1. Would you confirm, using the coordinates I've provided, whether Gly500 is among the small types (Gly, Ala, Ser) and over 29 Å from Leu784 (Cα atoms)?
2. Give the residues of region 10-46 that are of a type outside the set (D, E, K, R), touching a Phe, Trp or Tyr at 6+ places or on another chain (Cβ under 9 Å) and part of a loop (DSSP other than H, G, I, E, B), sorted by residue number.
3. For Gly762, which of the numbered conditions (1) modelled with pLDDT under 90; (2) under 25 Å from Ile543 (Cβ atoms); (3) surrounded by fewer than 21 Cβ atoms within 10 Å (Cβ to Cβ) fails to hold?
4. Can you spot a residue in region 206-213 that is within 30 Å of Asn419 (Cα to Cα), at pLDDT 85 or above and not in a helix (DSSP H, G or I)?
5. Counting only residues that are within 25 Å of Ser697 (Cβ to Cβ) and part of a helix (DSSP H, G or I), how many does region 581-597 have?
6. Going through region 602-622 one residue at a time, which ones are in a helix (DSSP H, G or I) and exposed (fewer than 14 other Cβ atoms within 10 Å of the Cβ)?
7. Only one of Val570, Val617 is within 30 Å of Met716 (Cβ to Cβ), hydrophobic (A, V, I, L, M, F, W, C), modelled with pLDDT under 90 and not assigned by TED's automatic domain parsing to the domain that holds Ser738; which?
8. Determine whether region 821-844 contains at least one residue that is in contact with a Lys or Arg (Cβ under 9 Å, 6 or more places away or on another chain) and free of Cβ contacts under 8 Å to residues at least 24 places away in the same chain.
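The values are calculated or read from the model by the stated rules, or taken from the named source; none is laboratory data. Everything quoted here is computed from the prediction, not taken from an experiment. Every residue, glycine as well, gets a Cβ built from its backbone with ideal geometry; the counts of neighbours run over all protein chains shown.
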Amino acid sequence: MRSILEFPVKHLDGNLVFGRDGTVWAYYGIEGFGYDFREDEEKMWPFQNQLSFLRNNEHDLHFLVVPNPTDVTEVCEETIRRIAKDHYALRDYGIEFLRQQKQAVSQQRSRIESNEYRAYLGIQLDPKRNQYREGNMGTNLISSLREMIEGFKTPVYRAAGLEPYDIPTTDIAAYREQADSLLDTVRGGFSCAARKLTAVETVYLIEKVFSVANNDVKMRESFSAGIEVKGEDEKGQVHRAIRPNDEAFFDLQNANVDEVGPKTLLLSKIIDNEVQKTYVQYLVCHDMDAVNYHPGFEWLYHIQSVLPFPVSISVRAHHQTNARMLKRLSDVRLEFQDQREEAQKGGTNVDLSVSESESGAIQMESYFRSSGKPGYSCSFVFRVNAPDEATLKSRVDRLRNELMKFGIRIVSPYGEQINLLMETIPGSKPYNQDYRIEVEPGVLAGMMFGATTNIGDGQGFYIGYTRNLKRPVFIRPDLAAKAFDSVKNVIDSISIMVAGATGKGKSFLMNLLVYLSVLTGSMALVIDPKGDRKKWVNGLPFIPKEHVSVWTLGSSEADAGCLDPFRTSVNLEEAKDIAMDILAYLAGVDIEDHQYTILSEAIEAASEEKDPCIGAVINYVRDLYDNKPENMSETRHEEVERLKSTLETLGRNQLARLLFGEPGQDYRVLRVEKPLQVIMVQNLNLPDEKVKQYRISHKISEAILISLAAFTKQYMFNQDRHRHKIILQDEAESIDRSPVGSELLNFVVRKGRYYNTTLLKGTQNASDYKEEVANMGMKFSFGLRKTSEAEKMLDYFNLPRTENNVETLKNLRRGEALFQDIYGRSAVIRIDPVFRDLLDAFDSSTATKEEREREKKNHAS
C-alpha cells in the first residue's frame, strides 16, 4: 500500500511532469478536428498523419481523453465577470439577463448529462527511460550502472547545499527545449492545432483524477510545486536547482477514496459544507481483434459521440522497436513450438486456441518483418462514474457493448481499482502489467484520437445545443479578433455567415445574435430592408426603448438626401465610385456609352463643389445641356439631353429622394450613438430571385441598400475600435448583385477583425455568396430546398458533397442549423432563445397570438 499511496509526480514545470520513477513527460493539448461530415477518402488524411507520427516516434506515449461536463453556470459567471469590468449603457441589464439565463439553462441541463471531451498527449522525453529498451538483460544492466555513475557526477551530488532529489535548472531548461521542438511534430501528427499545457492546466489535469462533481476542480493559479535552491561545488561554481515540495501535491488529492468492492471505488469530498460522492469503476482492455480497418475502427471517437454519460480514457503506449517486436514474436513462436513438441511426447494434440495463437504470432511476425514498423505495448484504461452503484453497472454494461462492436473486450480487474486510478495520473508509472495489448501503429491511429464532437467557443453567451447529445453551445463573436494564446482558432475573421430558406429560422438567429451581443457590451447596427423589426421601437426584453433607435427612412421630409452616397461614404474618392455605380445602374448606362463619359465628368465636377451630392451632378448635366459648348457635337448634345431627362425622372421618384441630395440641403445625419440602431426604409421594393425584368423601383431599392452598405463601412471606421460592433445586413444578396456593393461588404468582412466589427450577413441561398465566403468566420446554414444549393453550401463549409451531407442540409428542421465554428468544427445545432419573450419579440411570421393558440388547440385535439 505504501507504493500505491505514494503520489507518482514529484514536480511540475509548465507542461513538464517529473515522475518519481525518473521519467519526464511533456503534455500537450490537442484542440481537435471535425470528423463527422468527412467522406471516406478524407477520413484517411488524419489516419495517415497519425500513422506517420507513430511510425517515426521513439518515445513512450500517454493518450488522455478527459470529459469536462459543460458547466453552464461557470461559463455564464465568467461572462458576467468580464462584462462587469466594462462600462457601457446596458451593463446592468446584461448582467441581470445572464443571471436569469444561467438559472434557466442550468435547470434545463440538470436533466441532461452532457460533456465536452478534451484530448491530451503526453510524451516521455527521455527515450533511455522508456519502459522497453534495446539489448538483453546484461547490456541493460551495464547501461544502468553507467548511467548511475554518470548521475553521481551531476551537481546535485557534488554541490554543497543540494540534495539528490533536487532537479538542476539546466536539466529543466533542456527538457523545455525538447518539449518545444516536439510541438510542431505533434501538430502535424494530429491534423489540428496543438499547444503546450500551462502549469495551471497541468495541475488541473492531475486533480481531475480525484474529481467527484462537475465543478469541484478549479484552476489553481498560484500553485507552486517547488522552490529554487543553489549549491556550490568543490571548484566554487554555483549550481541552481529546484527542490520539489511533496506537500504541494497533498491538496490535489483532497478526495476520500474508498474501495467499496473489489471492482468499485467511492470518491467523496466536502464541497460547500456538503459531502458529495461518486461511484467509480476502472476497466481495462484485455482483448482486441488483431485485424482492424480504417475507416471503421474509430472506437475512441465513437464513445464520445454516442454515450450520454462521461467516460475517461487513458492509453499508455510503450514504444518498441521493430527489431524488438521481431525478437519477441520469434520467442513466442518458439514457445508454441515447445508446447507442440511436449504434446507430441505425451501422445496428445495441442489445444485449438494454441494453434490459433501460433498462427496469429506467425502473421504478426511476417507483418512487422515486411513493414519495418515499430510496435506499441498498450494499457487501455477506462473510467466510468455514476451517482449510485446501479447506474454505474448500467453504464459499464453500455460501454462494454459499444466497444464490443469494434472487437474490443474490457474487464474490471479484481482488486486493482486504486492501481488503475494512479496509472491515469499524468506522469505516473504504469501499474497495469497483466492486461497489455501489443499493437502496430495503425491500431492506435485508427482509434481517431483528437477527433472531436465539441463545437463553439466554450465562452460568451448561450445560443442553443447540439442535436446529438444536446451539448450546450456558447459563442463569443469577437473572440477571433483577440489573438489570445489559449485560443487556437483556425479562422481569424469575426464576420458571420447565415443562410437558409425562408421560414427556417435565419432571421431569428441573426436577431438573437445581435440582441445577446448588445447585452454583453457590443454596439449594433441593423439594416432591415423588409421592416421586420418595427416593434423594436418599444424596446426589447432587458433593453429599454430609450436604448433602441428604430429609424424608418422616408417617413419624414428631413430624410431627403440622407442616403446620398456623398454623405454616407467614408471619403470622397469612395463616394465618387459609389455614385458612379448607382447612377450608371439606375440610368442603364454602360461604360461604352457616351452617357457614361458625361456622367463621369459630372460626378468629378460635383465632387469639387462645397456640398457635393447627386443633386450637384444633375445640376452639372442640366447646365451642360442648357449651355452647350461650341465644340460639342449634336450627337453628344443629344446624349446629354437623354441623361438629363433620365436623371430628372429618377429624381421625382419617392424613394430616389433619399438618394438624391440637393446642395445646401438641411438633411438628417446618420449618427448611430445608441447601443441598438435599426435602419429601415419605407416602401422599399426589393426584387426576389423570380423577377426577370427589374422595374425602376427595384433598381432604386437596391441602390439604397448599396448606399446603406457604404454607411456601414463609415460606422465601422468612426466607432471606438476597442468596442465590439456588430452589423446585421439582411437581404445581402441585393447588395452583392452590384460590384461596388459586393466590394463594400467584402471590405467590412476583410477589415472587420482589425476594426473589431462583425458583419452578420444574411441571405437565402448559398449561391448568393461569392469569394468573400472564404473570409467569413462562423457559418450557419439553415435548411436549404435545392440539392445544388446544399452542395454549394458544403463547399463553403469545406465539407464533402456526400449524399448524407446533402440530405442533412435539406432536412434540417425549423430552428436547426449546420454550424461551423472558428476552429473549423461542424455540427448540427438547435437554436434556443431560452425565454418565450425573446421568441415572441423576434418572430417574423404573420400569425397573431390568437391564431397560434387556436392552431395549438386544434393540433392537440
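1. Judged against the criteria, Gly500 is not a match.
2. Scanning region 10-46 gives Asn15, Gly32, Gly34, Tyr35, Phe37.
3. (3)
4. yes
5. 9
6. Glu604
7. Val570
8. For region 821-844, residues in contact with a Lys or Arg (Cβ under 9 Å, 6 or more places away or on another chain) and free of Cβ contacts under 8 Å to residues at least 24 places away in the same chain: present.
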